[in-house]
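First up is the structure itself, then whatever we jot down about it.
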Amino acid sequence: MQYDIREHPQAPPVEELREFTMVPISREEILSRADEGTAFEEVNLREARDDVNIELEPDPTDRGSFDDIGTALYRLVQLFGTPNVPGFDAGDDLSSREDTTFKYLLRVINESDPDERTLPDEWLITVYDYHVQLGIGIAAWEDDDVDPSEYDDAVEIVSMALATNVVTEPLQCVYKDKWF
């Protein structure tokens, strides 16, 4: 199920919605920045906004459901590899984890015409599980001149739509060319 935001009152112009690329930040860059003492700041959009409802499937425990957080993780792994944020590695000590068991840090690149852009050239988002549902955040490095809480509604809406559409669209599996 694709989420269409073209009619949303705070969405950017339709022409700009066609030209985005999502690229995972390399684990090496995340670790290098952490070694330098630079972390990324993050705003959880589910908590920061009253009007956010990101729903993969109304009942994730419903057997036969293919739009649950496990399927979302499967699709993220197929597209971007294993989660790239340190501290969310499979097999690690889970005792410090409260709400999140995997997390991706991705760069959204706006490739629309620079003269007609209303959104930034690029920004960071996080995609993770949040209370066994899809979590999406806006992020920035601490040493950047960007405060993720100051992004406007259009950046948040586009980020939520991109991340949700990525995890809800089936991918072709290698095994028997099945779509999952």
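Read the figures in this text as sums done on the coordinates, not as results from a lab. What you see is a predicted model; the values in this text were computed from it and never measured. Glycine also receives a Cβ, built like all others from the backbone with ideal geometry; neighbour counts cover every protein chain displayed.
Here's how it looks for residue 122: its modeled amide H is under 5 Å from those of 110, which are all 5 or more places away or on a different chain. Looking at region 124-180, the GluC sites (Glu not before Pro) that sit in a DSSP loop and have at most 15 other Cβ atoms within 10 Å of their own Cβ are 142.
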